[in-house]
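Participant: Below you'll find the structure I mean.
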Amino acid sequence: MSLLRPLHETLTDIADGAMTETLVAAGQLPLRVTSLEMSVPLDVRWAGDEGIFQADFPLFRRRTAFDPEPAQLTITLGEVPV
């Protein structure tokens, strides 16, 4: 059993959370945020039986020598004209 979610679910949660925080902050300040870049650590693995990448935030803040280093995901969210 894996504790990791599919990568697309994790990315959706990151984007939803970032945009919610950005909208709240933008409502309190006289500015308009048009793009946001962030870098987050993720535990990632390939679930070959399902054919998908699984990824989620690391479960523990402190890692042992046996734990692999988390991957670093840099994501840029921006406004796109429609």
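The values are calculated or read from the model by the stated rules, or taken from the named source; none is laboratory data. All figures in this text were calculated on a predicted structure; none of them were measured in a lab. Backbone-built Cβ (ideal geometry, glycine too); neighbour counts: all protein chains shown. With ligands, DNA and RNA removed, areas are computed over all heavy atoms of the protein, side chains included. Shrake-Rupley method; radii C 1.70, N 1.55, O 1.52, S 1.80 Å.
Participant: For the subset of the range 13-35 comprising residues that are open to solvent by less than 70 Å² (accessible area, probe 1.4 Å) and closer than 20 Å to A71 by Cβ, which member is modelled with the lowest pLDDT?
Facilitator: Result: A18.
Participant: Under 9 Å by Cβ, and 6 or more places apart or on different chains, what pairs join a residue from the range 55-76 that is open to solvent by less than 80 Å² (accessible area, probe 1.4 Å) with one that is of a type in the set (D, E, K, R) and assigned to a loop (DSSP other than H, G, I, E, B)?
Facilitator: P58/D67; R63/E69; P70/R63
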